[in-house]
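Each remark here refers to the structure printed beneath this line.
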Amino acid sequence: MEEKRALAAFAALSQETRLRIVRLLVTAGSEGLPAGAIGEAMDGATSSRMSFHLGHLEHAGLVTSRREGRQIIYSVTYQALSDLIAFLMRDCCQGRAEICAPVVAALSCSCEPDKDPAHA
């Protein structure tokens, strides 16, 4: 990730509602959530307010949208979040793994990837 893109992502995340939206979408998983459900989760925010924040996050590359019937579904872009963390940690340990160990431990996912029964 280049610095300009990282700055856009950090700028988008520096606002409380947008940070809450990203965290909500992370927990929603790859299925995402309809804009209306996101608005309800944001204390019943108006559709114009949600449109503004979601547009900002989409422009920063942190979320994507897709149309399903009459709804717009938003999903977090996991690769963008991954790239942002990698950008921050790229030069972290300078050959001393113990420096990055707490960060690596904090990033450990407690869920296991789906196992395909055909490959188990």
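The values are calculated or read from the model by the stated rules, or taken from the named source; none is laboratory data. Quick caveat: nothing in here was measured; it's all calculated off a predicted structure. All Cβ positions, glycine included, derive from the backbone under ideal geometry; neighbour counts span all protein chains shown.
See the values below:
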quantity: Leading residue by the ranking (nearest to Ala6 (Cα to Cα)) among those in region 41-82 that are charged (D, E, K, R) and in a helix (DSSP H, G or I); calculated: Glu58
quantity: Leu33 vs. criteria in contact with a Phe, Trp or Tyr (Cβ under 7 Å, 6 or more places away or on another chain), over 15 Å from Leu19 (Cβ atoms) and surrounded by 13 or more Cβ atoms within 10 Å (Cβ to Cβ); calculated: yes
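Let's see how each residue does on (1) at pLDDT 95 or above; (2) within 12 Å of Ala12 (Cβ to Cβ):
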{"position": "Ala41", "(1), (2)": "yes, no"}
{"position": "Ala45", "(1), (2)": "no, no"}
{"position": "Arg67", "(1), (2)": "yes, no"}
{"position": "Tyr74", "(1), (2)": "yes, no"}
{"position": "Thr77", "(1), (2)": "yes, yes"}
